Amino acid sequence: MTPLTAMIVRFSNPNVTPFYVVLLLGLVAGLADVAGGLLLLRMRAERFLHGFVAFGAGFLIAVTLVEMVPESLHVSPLAAPLWILGGFCGVHLLEHTLVAHFHFGEETHAEEFLHRSTAYSVTFGLAAHTFFDGIAIASGFAFSSVLGWLIFTGMLLHKLPEGFTVGSVMLASGRSGRAAFTAACALGAATVAGVAAIHFLPRLATIGLPLSAGVALYVAATDLLPEVNRAHGVRYRLLFFFGVGAFLLARMIA
């Protein structure tokens, strides 16, 4: 039995994690995006945000390099590296080439507001990214429950910064709090849509896992880590290593 056939058989096996559980986890991850938007509207939480960014970056890099990339190479040794590269380059195209202004965190431009078209572009780029968050979660569960839970945890940890970021971009462009909240909800919906896509087209998991690995690696290394390095205080650097350690501990327990 080939790895692809085994994965499809496993994905349809009623004894493994049921789809409604995976969908529920996708919904939880999506709600974390919404919570990030609400956090922005309800309080100033830069320190709280930086802590999540640092810990999440460590966990996400670890789960990508230790679990997602090796599993992708096992299933498709020749094609997986190209899909990983495609995911890495694709998110760079969306977030930093087609969109001229993007970074995780709060927009605090006192001298100028962002153009509304830029805010919509950032929202679109982040929605595409969160769609692949959902792809990653469902693809992980398609291969094994342990991999699925580890990926879910890694994705969940950077969801608050996503919602916080898209909400702040909308506010910085002059849009209302309602528009900021709607944008955060759009990110959550995209996550759930990614989970559903793998359920209805399970063969896409062999592409979705390496593609989302490239996306996750880019987000952790080039979006999250620079924000950690800009934050004041060594505790944020240490939280990155705590995130890596938390992943290793969770993997050992699993």
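The values are calculated or read from the model by the stated rules, or taken from the named source; none is laboratory data. Since the model is a prediction, treat every value here as computed from it, not as a measurement. Here Cβ is always computed from backbone atoms with ideal geometry, including for glycine, and neighbour counts include all displayed protein chains.
Here is the figure for segment 66-91: residues that are crowded, with 20+ Cβ neighbours inside 10 Å, among the small types (Gly, Ala, Ser) and farther than 18 Å from His129 by Cα total 2. Taking the listed residues Phe247, Phe240, Phe164, Phe181, the one that is farther than 19 Å from Phe55 by Cα and of a type in the set (Phe, Trp, Tyr) is Phe181, with no other qualifying.
Condition check ((1) touching a Pro at 6+ places or on another chain (Cβ under 9 Å); (2) among the β-branched types (Val, Ile, Thr); (3) in a loop (DSSP other than H, G, I, E, B)) across all residues:
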{"site": "Ile135", "(1), (2), (3)": "no, yes, no"}
{"site": "Gly154", "(1), (2), (3)": "no, no, no"}
{"site": "Arg178", "(1), (2), (3)": "no, no, no"}
{"site": "Val192", "(1), (2), (3)": "no, yes, no"}
{"site": "Val195", "(1), (2), (3)": "no, yes, no"}
{"site": "Pro210", "(1), (2), (3)": "yes, no, no"}
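For segment 208-245, the candidate set comprises residues that are surrounded by fewer than 19 Cβ atoms within 10 Å (Cβ to Cβ) and modelled with pLDDT of 85 or more; within that set, the residue that is nearest to the chain's Cα centre (by Cα) is Ala221.
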